[in-house]
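K.L.:
Quick one: the structure is below, and I'll ask about it shortly.
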Amino acid sequence: MIQLREDTQVSAEARKILSFTDNRQDASLQAGHFNDFIQVALVRGALFKALSHAGKLDHAAITKAVFQSLALSQRAYAREPAEWGPGKGRNEEAMQRLLEYRLYEDLRRGWRIVQPNLEQCGLLLIEYPGLGEMCSAEESWKAHPVLHKASPEVREKSARAFLDHLRHEIAIDARVLNPEEHWELRKRVEQVLRDPWAFDEFDQLLASSLFLLPGSGPTMEGRERSLSGHSRIARFMRNRHTWDLSSDLGVQDGEKLILALIEALRGQYVTQIPASDGRRQGIQLMAASFEWRGGDGSPPAPDPVRAKRMRSQRLEKTEREANQFFARLYRETARQLAGVEGAAHTGQIPLLERQEREKRFGEGALAALFCSPTMELGVDIRDLNVVHLRNMPPTPANYAQRSGRAGRGGQPALVMAFCSEGSPHDQYFFERPDDMVAGTVAPARLDLENQELLEAHIHSAWVAATGLKLGRGMIEVLDLQGQGYPLNADIQSRMSMASAKLVALTEECRRILDAGGTDVRQATWNTPEWLDQTLKGSAEAFNYGFDRWRELYAAAGRQRDLSRRVVDNPAAGRKERADAERSEEEAKRQLDLLLNRSDESAESDFYPYRYLASEGFLPGYNFPRLPIRALVPAAERQHVIQRARFLALTEFGPRNVVYHEGRKYRMARCVLPPEGVEARLVRAKLCNACGYFHDGEHALVDRCDHCGAQLDGEHSQYVASLFEMSAVRGTRVERITCDEEERVREGFHITTHYRFAPGPDGMPFGRKQAVETVTEVKYSASFMPRALCFGG
């Protein structure tokens, strides 16, 4: 973290950082990580400040004291800031309720791995007032001989360990942790607070745990914990070192000891609460029984319940010190982070949102922008002094563009580049920084003899010659009332052209091919008939280009209709109906997205011209050709995430996690075609000698088309059911936390295979010739039993 002195002459507009990464998911991950880090630091810094002023705080005073110490402007947390009247009170009350939840949530035992809390840094002590005096009163400890014979010091030490164990497991009787109160808390926060403070409907709120009394039987749900003689806390209580005994207690005697200890503490520090079934009993720590107090920076002693090595009555001595970086962060720096916020900037974020973030970043209102190469050039960001590179850029040209965003007009600049140990590319340039920083910027290159590139240009000339007007949405191109959503009548009538116009179009296309020079003229695919065949097939290719959109639209319509049937079904249960309503709203948002209703700009993925470019029918250089799309819910709308096919195989694989807009999404299901899965299954034979891919009729061959190897059981693999990976749907899981420094990814077994384009005689080219004319590469991965996904 960079901290500027108060006398440093940096304008408000320049107090920001621009961070680059080459992976869109990493940009979203870093934005979510950054915001969570800031939010947690603010709350902990405010708690430390409140304790520094008050000395100690109980459950009744802690929330208001922290809110006052936080001293945030309502613009930093409220949807509708209000400086007076009922709006001001409503906003402040919602923020205090959220802070109360965050304070109790933070009492969990080390739940944030990379950001230790105040207690771990020695800046917070949780005390149990009166515990020492109570442990000295002999009449409270006569229920069990071990308790009765123990010294007051041993009683206090053991009772404190027991109470701390309840607290670390969040077995706390606090209203804000009661799952029955979570609905009200969630609604209040959702309606009033804004990101990054607000909850959303998919955030899993922490509920208090319940420790069942010994003899209550096994735990029945996630909230329940056990106090049986075999539990962790019982093993500590039965240990001879805990009570200075000659031997460990037995399981049954240990349970009796725990019951006696609970009886002594009940009403003072713990309360008895019925379990969910109403028959069994459990205990929780009373929120009113402990106090927050400031610490002196000394690290806490090891947890005796979880420690494994014990000697005599003391834990084995361990030399430790508190994390000084985080201790200083909470003591000094955190209070300066009020209003600091980060956001992602990638091509997957709608245009209007990107423009709003660019404006805020330029003004300095947005402190950090985590972006993919979208910000390398063409965006005015005004004064900027710091650029961060999360990975070493691919080329010196990228480095020059990214580092050049800072220090314009003679201003000083700091450029930081992080080199990952797991990246050979990063490590190469870590050892040779001059090759990147002062390396030669190579000019961009295009393979002009690429057949698909030339086809797209021929198609664009055909569209211009026919005079097709595609409008701003698919409803202007397709007849959505017709069977299978055919092209509308006006489009169909314009697709045929007079012979004179066709001759003129052919001559224009020949000039396009001639402009490619010798490489295009000598390309093996450029036969005398190729241009005429391409023009003749343009109408069919145009219609075929909308097929994947038709599948998405049909699937969203089916989801909407099926969900509506459940909603209208009187026999449906409450939860079933609520899930159906959510599914119906999701389907409606998907339909709006597909029809380009919610974003009527040319940047929309379903703007007809942009869509046809991604499908390869029209030229498109800024996005992958034939991408796989993931539809995910984001706030009040649907977003579409596009990936090149070779990336989508892993990133969109079943149950994998995708990071987008500060949240995590789990890939739930494929969007199946209307005709069903069986119609799309493909059989193939794989050559184990050279990796060649034989599909369709070629799957019946006995020898490899490429290397000639005998395709018997040893040298080949026959796959009967291959399914081309289609669009997928993701469900929102949870918010990104600062614990996540790297993306969580499922491990899939990926095998790569290839097939060359056929030559003039219909057979694959020879190896040397084929390498120069590859037009199709197929990747396959075994996602599910008896099913392989592959992308062309």
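The values are calculated or read from the model by the stated rules, or taken from the named source; none is laboratory data. It should be emphasised that the depicted structure is a prediction, and the values quoted were computed from it without experimental measurement. Glycine also receives a Cβ, built like all others from the backbone with ideal geometry; neighbour counts cover every protein chain displayed. Calculation scope for accessible area: heavy atoms of the full protein, side chains included, ligands and nucleic acids excluded. Shrake-Rupley method; radii C 1.70, N 1.55, O 1.52, S 1.80 Å.
K.L.:
I'd like the carbon and sulfur percentage of the solvent accessible area for segment 413-547, probe radius 1.4 Å, heavy atoms only, ligands and nucleic acids excluded.
P.N.:
Taking all protein chains in place, segment 413-547 shows 52 percent carbon and sulfur surface.
K.L.:
Along the positive direction of the dipole of the chain (beta-carbon charges: Lys, Arg +1; Asp, Glu -1; about the Cα centre), which of 18, 638, 122 reaches farthest?
P.N.:
122
K.L.:
I would also like to ask the following. Could you check the spin-label model distance between residue 481 and residue 352? Points 7 Å from the Cα along Cα→Cβ, value in nm.
P.N.:
2.9 nm
K.L.:
Let me ask something else about it. In whole angstrom, note down how far apart the Cα centers of segment 702-742 and segment 467-506 are.
P.N.:
37 Å
K.L.:
Just going by the charge dipole of the chain, with Lys and Arg at +1 and Asp and Glu at -1 on Cβ, which of 670, 233, 39 is farthest out on the positive end?
P.N.:
Towards the positive end, the residue furthest out is 233.
K.L.:
Now, a different point. Please get the size of the charge dipole for segment 37-187, origin at its Cα centre, with Cβ charges of +1 on Lys and Arg and -1 on Asp and Glu, quoted in debye to the nearest 20.
P.N.:
Using only the charged Cβ atoms, the result is roughly 460 debye.
K.L.:
Then there's this: With +1 on the Cβ of every Lys and Arg and -1 on the Cβ of every Asp and Glu, and nothing else charged, how large is the dipole of segment 339-445 about its Cα centre, in debye rounded to the nearest 20?
P.N.:
220 debye
K.L.:
Moving on to the next point. Scan the chain and note any complete DSSP helix (H) whose C-alpha atoms cover at least 24 Å along its axis and whose Kyte-Doolittle average is -0.5 or more.
P.N.:
24-54
K.L.:
Extent of segment 25-115 along each principal axis, from alpha carbon coordinates, in Å, largest to smallest?
P.N.:
So the extents along the principal axes, rounded to whole Å, are 42, 34, 18.
K.L.:
Moving on. How large is the accessible surface per residue of segment 470-606, computed with a 1.4 Å probe and reported in Å² as a whole number?
P.N.:
I get 56 Å² per residue for segment 470-606.
K.L.:
Highest mean first, how do 240-249, 528-537 rank when packing is the count of other Cβ atoms within 10 Å averaged over residues?
P.N.:
Highest-to-lowest ranking by the protection proxy: 240-249, 528-537.
K.L.:
Greater than 18 Å separation of Cα atoms is the criterion. Which listed pairs, 16/664; 142/256; 588/664; 16/88; 16/359, meet it?
P.N.:
In this structure, 16/664; 588/664; 16/88 lie more than 18 Å apart at Cα.
K.L.:
Considering only protein heavy atoms, what per residue accessible area in square angstrom results for segment 90-161 with a 1.4 angstrom probe?
P.N.:
42 Å²
K.L.:
Hey, if you drop one equal point scatterer on each alpha-carbon of the chain and run the Debye formula without solvent, what base-10 log of I(q)/I(0) do you get at q = 0.05, 0.06, 0.11 Å⁻¹?
P.N.:
-0.38, -0.54, -1.35
K.L.:
Full extension from residue 752 to residue 440: what is 0.36 nm times the residue separation minus their Cα-Cα distance, to one decimal in nm?
P.N.:
Working it through step by step, the gained length comes to 109.0 nm.
K.L.:
Going highest first, how would you order 707-718, 555-566 by mean Cβ packing within 10 Å?
P.N.:
Packing order, densest peptide first, comes out as 555-566, 707-718.
K.L.:
List the residues whose amide H sits under 5 Å from the amide H of residue 281, counting only those 5 or more places along or on another chain, with H placed 1.01 Å from N in the peptide plane.
P.N.:
Residues meeting the criterion, in which the H sits 1.01 Å from N, are 213, 275.
K.L.:
Taking a 29 Å limit on the Cα-Cα distance, which of the listed pairs 187/575; 536/685; 469/501 fall beyond it?
P.N.:
The pairs that break the limit, which is 29 Å between Cα atoms, are 536/685.
K.L.:
Measuring from a point 7 Å past the Cα of residue 93 along Cα-to-C-beta, which residues in segment 158-191 have an amide N at less than 13 Å?
P.N.:
Correct set: 185, 188-189.
K.L.:
Then there is this: I want to make sure I understand the PRE zone here: with the label point 7 angstrom from the Cα of residue 191 toward its beta carbon, which residues in segment 55-80 have backbone N atoms less than 16 Å away?
P.N.:
78-80
K.L.:
What per residue convex hull volume, in Å³, comes out for segment 565-680 when only alpha-carbon positions are used?
P.N.:
So the per-residue Cα hull volume is 155 Å³.
K.L.:
Please list the equivalent ellipsoid semi-axes of segment 120-210, computed as the square roots of five times the alpha-carbon gyration tensor eigenvalues, in descending order and whole angstrom.
P.N.:
39, 15, 10
K.L.:
To the nearest 0.05, how large is the calculated FRET efficiency for residue 597 and residue 153 if R₀ is 56 Å and r is the Cβ-Cβ distance?
P.N.:
0.20
K.L.:
Positive end of the dipole of the chain, charges at C-beta (+1 Lys, Arg; -1 Asp, Glu), about the Cα centre: which of 482, 722, 344 has its Cα farthest in that direction?
P.N.:
Result: 344, furthest along the dipole toward the positive end.
K.L.:
Rank 680, 235, 645 by accessible area, highest first, at a 1.4 Å probe radius?
P.N.:
235, 680, 645
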